[in-house]
Structures are given as structure tokens and as C-alpha cells.
1. Which of the residues spanning region B:56-75 are closer than 26 Å to A:Gln77 by Cβ, in contact (Cβ under 8 Å) with a residue 12 or more places away in the chain, within 13 Å of chain A (Cβ to nearest Cβ) and surrounded by fewer than 19 Cβ atoms within 10 Å (Cβ to Cβ)?
2. Can you name every residue in region A:88-137 that is buried (at least 18 other Cβ atoms within 10 Å of the Cβ) and within 14 Å of chain B (Cβ to nearest Cβ)?
3. Of all residues in region B:16-42, which are touching a strand residue (DSSP E or B) at 6+ places or on another chain (Cβ under 8 Å) and hydrophobic (A, V, I, L, M, F, W, C)?
4. When you scan region B:32-54, do you find a residue that is touching a residue at least 40 places away in the same chain (Cβ under 8 Å) and either touching a helix residue (DSSP H, G or I) at 6+ places or on another chain (Cβ under 8 Å) or within 25 Å of A:Ala20 (Cα to Cα) (or both), even just one?
5. Examine region B:2-12 for a residue that is within 14 Å of chain A (Cβ to nearest Cβ) and either surrounded by fewer than 18 Cβ atoms within 10 Å (Cβ to Cβ) or hydroxyl-bearing (Ser, Thr, Tyr) (or both), and state whether such a residue exists.
6. Yes or no: A:Leu43 among the aliphatic types (A, V, I, L, M) and buried (at least 20 other Cβ atoms within 10 Å of the Cβ)?
7. Going by the conditions given, is A:Gly56 within 11 Å of chain B (Cβ to nearest Cβ) and farther than 23 Å from B:Gly18 by Cα?
8. I'm told A:Arg85 meets every condition in (1) within 12 Å of chain B (Cβ to nearest Cβ); (2) farther than 30 Å from B:Lys56 by Cα except one. Can you identify the failing condition by its number?
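Only the coordinates and a few stated rules stand behind these numbers; no lab work does. Please read all numbers here as calculations on a predicted model, not as lab measurements. Reconstructed Cβ throughout: ideal geometry from the backbone, glycine too, with neighbour counts over all protein chains shown.
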Amino acid sequence: MDESINLVLFSGTDDKLNAAAVMTAGAAALGKPVNVFLQYWALDAFRADRIDRDHGLAAEAGAEGRGHVDALRAAGQASWAETLRQAKELGGVDIQACSLSMDLLGLEQADLDPLVDGVEGVTAFYLNAGTGQIVFI
Amino acid sequence: MTETSATPAITRTIDARGSFCPGPLMELIRAIREAQVGDVLSVYSSDKGSKVDIPKWIEKAGHRLISVETRDGYDEILVEKMR
């Protein structure tokens, strides 16, 4: 069994979420288990009623970056949510919401998109990660 | 052009042109899962990363890369499902 890849998603802008989705899909393609832990604004972006919204871009994108992102999207780039759905179809991808962030945002699991498999605390995340690498985005 | 072996019969063609990284690989994996051992799949991809990534994935996954040909604005990658 390959070592796991463990992504902590904190940022809720579309560019960072897309980068995370691509990292997830690539690892899943290689058969690596991927654990995704959603905190703060990343978790907010996974709300069922908001996941398909425009979540903006990181500040460094600026107007020029916005133009590049819009052009790729117009050319047919899949959304980060769609890329994550494809990654989950490959198997081995588990997406968990941070319970503290759930409390912070006043959310229940029913408020989240079905991409999210469950709610857990940070200790469970570390235990699932084992000795695999942890990446914070 | 060098003549090597005859091009094997293609079982299925996956046209992933216009799909961005890692879309073509995602489509190939789905098709390989649905295929039978010995099937030959052809992937069309216009994504530059996939030209590098797909052959590496094929090797790692234990299938056989038959060829990578650059056509007019896209690449055609042929792979045989081995297991």
C-alpha cells in the first residue's frame, strides 16, 4: 500500500481549491490514499448551497490572474468540485470536515455537499494520515 | 517515418481534446477499468501535461504503452490493458 497524501484545505478561493483538487486527482490516479481535511473558508466553500458559486481568487491573482482563470474556465476547464468528484470515483479519496470549523460556521453535515464524507477532529485526521505527508493549502 | 510493428486494432478511442490536466488521465483510467485485458485504447489529448503524465501512469499501473504520436494540435496515445 502506498503512503497516504494528506491535504489540509484552509483557503476557500477557487484557485487554491482547484490546485488542491488537481493534487488530489493526481494522487488518486496513482492509487495513493488521499485524506482531505476541510477547515475554515475551504469548508465554507463545500456548503451544498455555495459549492457552485464563484469563490473568488487569492489576492495575488489580481485582475490579470482573474482574466487567465476565466479564460481557462471558458475553454472548458472542469470546476474543482467536478475534479474532486472524478477523483473520488477513482477511489481512495476521503474528505472530512474539521469539527471545530463546523462549529465556527454553525454547520451540520446535512449543510455540506455530498463530496464530504464526514466530520472529524484533528486527532482523527493525524491518525488517518499516519506517516504520510501533510500538505496545507 | 520508420515502420516498426503493425498498429494494433484499436478497441476504443477516448477523445479528451479540450480537457485540461488531469482530465485526459481521469478519462483514460475510467475507460481502462471498463475495458478487457488485451484491449487497445487510444487517447486524444490536447493537454501538454498529459503527454508526459499518461505514459508515466501507464508504466506505474502496469499497462503497455504502444505509442505516442503528435498529430495536428493534439497527441494520440495508444495503450494496451495488461491486467
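1. Within region B:56-75, B:Ala61 is the sole residue that qualifies.
2. Of everything in region A:88-137, those that are buried (at least 18 other Cβ atoms within 10 Å of the Cβ) and within 14 Å of chain B (Cβ to nearest Cβ) turn out to be A:Lys88, A:Leu90, A:Gly92, A:Val93.
3. Within region B:16-42, the subset touching a strand residue (DSSP E or B) at 6+ places or on another chain (Cβ under 8 Å) is B:16-17, B:19, B:24, B:27-28, B:31-32, B:35, B:38-42.
B:Ala16, B:Leu28, B:Ala31, B:Ile32, B:Ala35, B:Val40, B:Leu41, listed by residue number.
4. Here is the first cut: in region B:32-54, the ones touching a residue at least 40 places away in the same chain (Cβ under 8 Å) are B:32, B:35-41.
Those still in the list that are either touching a helix residue (DSSP H, G or I) at 6+ places or on another chain (Cβ under 8 Å) or within 25 Å of A:Ala20 (Cα to Cα) (or both) too: B:32, B:41.
Yes, region B:32-54 has at least one match.
5. Going residue by residue through region B:2-12, those that are within 14 Å of chain A (Cβ to nearest Cβ) are none.
Within region B:2-12 (the criterion being within 14 Å of chain A (Cβ to nearest Cβ) and either surrounded by fewer than 18 Cβ atoms within 10 Å (Cβ to Cβ) or hydroxyl-bearing (Ser, Thr, Tyr) (or both)), the answer is no, since none of the residues qualifies.
6. It is true that A:Leu43 is among the aliphatic types (A, V, I, L, M) and buried (at least 20 other Cβ atoms within 10 Å of the Cβ).
7. Working: within 11 Å of chain B (Cβ to nearest Cβ): no; farther than 23 Å from B:Gly18 by Cα: yes.
Judged against the criteria, A:Gly56 is not a match.
8. (2)
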